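In what follows, a structure is listed as structure tokens, so that the remarks can point back to it.
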Amino acid sequence: MKLDLTTITAFITVARAGGFREGARLSGGSASRLSDQIRRLESQIGVRLFNRSTRSVSLTEAGEGLLKRLSPALDEMELALDVVNSYRDRPAGTLKLNVPTAAARLVLPHILPAFLAAYPDIRVEVIAEESFVDVLAEGCDAGIRYDESLELDMIAVPIGQRTQRFATAASPEYLEKHGAPEHPRDLLEHACLRGKFASGAMHSWEFERGDEYLEINPTGPLLVRLGGGTDLAVDAACAGTGIVFLFEDWLQPYFDSGKLVPLLTDWWLTFPGPKLYYPGRRLVPTPLRTFIDFIKAHPAPISR
């Protein structure tokens with residue numbers, strides 16, 4: 001059976017994206033065109049590949065089997081084309097990164113402008129989310145994460161600050177009304193602005209001083225989803241609603257302006273900076289290889 005590569009690519013795009021609209025967004029095409037291509041493929045092979053409803057699109061058992069067999073072949077084709085790309089005078093192509101919001105805000109702004117200026121033929125696509133994902137399954141070349149366990153076949157490269165700290169802060173107005181905590185345990189008596197991960201797990205507040213380590217879970221009037229809701233917690237802290245716990249670099253502009261006051265500075269926890277990670281079981285695409293070489297040649301300071 002002779003199949004059209006365009007319809008095969010459409011199938012893999014929709015399957016990896018989990019739907020026609022998201023597949024169209026990622027591929028730069030239209031949802032209706034992808035739907036037509038999938039119907040043509042299903043008609044040609046005589047098997048339904050997707051279960052469709054008004055709310056969701058999911059692979060059938062046959063679709064899952066086809067995706068499992070086709071994905072490695074398509075990856076090899078992309079890598080074959082990338083080998084040709086390596087013979088260009090200037091690296092070109094798309095680099096797709098999956099990163100947490102903190103990295104998009106605190107790490108990449110110090111790297112990407114210079115990288116894109118040095119390699120104008122490379123296009124970078126950044127997906128910011130808090131979930132720890134399979135970068136290949138999501139169609140990404142690499143990801144950035146903070147001190148998390150990686151699969152055995154992943155390679156990790158430091159990117160950005162080598163060490164960072166968690167900071168605690170409140171507005172002058174809040175401190176004037178409620179006073180400042182003198183010990184992390186005092187936070188249990190204060191209004192604290194909490195965050196939780198996409199999984200629903202709460203983000204504990206961690207502190208250290210010398211050999212002493214504490215993990216505090218205070219309560220307060222505001223709970224936000226880490227990532228998209230983090231700025232809301234910071235704004236609430238500036239307005240005097242409560243105490244916020246966040247990356248020092250995120251809060252530094254508010255310290256500089258006087259909108260927030262650092263608290264419990266002797267207890268701020270130091271932790272390793274983020275790492276760029278990517279699969280080690282296949283050839284590295286030219287845009288990613290170029291990016292890795294760039295961050296190795298332009299390392300950030302070990303710490304502030």
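Key figures
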item	result
Nearby lysines by direct alpha-carbon distance to residue 296 (threshold 20 angstrom, same-chain neighbours under 8 apart not counted)	96, 275
Taking the C-alpha atoms of the stretch 186-243, convex hull volume expressed per residue in Å³	91 Å³
Kyte-Doolittle at least -0.5, axis length at least 30 Å by Cα - qualifying DSSP helices, the chain	61-85
³J(HN,Hα), Karplus 6.51/-1.76/1.60, whole Hz, each residue of the stretch 259-264, x for Gly, Pro	5, 10, 10, x, 10, 6
Cα-only radius of gyration and Dmax that characterise the stretch 167-304, units Å	18.1, 59
Projected label distance in nm at residue 16 and residue 123, using a 7 Å step from Cα toward the beta-carbon	1.5 nm
Lysines with Cα under 21 Å of residue 177, excluding same-chain neighbours fewer than 8 positions away	259
Dimensions in Å of the chain - Rg and Dmax from alpha carbons	23.4, 77
Charge dipole (the chain, unit charges on Cβ, about Cα centre) - positive-most of 109, 236, 219	109
Rounded percent of accessible protein surface that carbon and sulfur make up, the stretch 196-271, 1.4 Å probe	50 percent
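The values are calculated or read from the model by the stated rules, or taken from the named source; none is laboratory data. Predicted, not measured: the structure shown is a model, and the values here were computed from it. Using ideal geometry, Cβ is built from the backbone for each residue, glycine included, and neighbour counts are taken over all protein chains shown. Ligands, DNA and RNA are stripped out before the accessible areas are found, and what is left, the full protein with its side chains, is counted by its heavy atoms. Shrake-Rupley method; radii C 1.70, N 1.55, O 1.52, S 1.80 Å.
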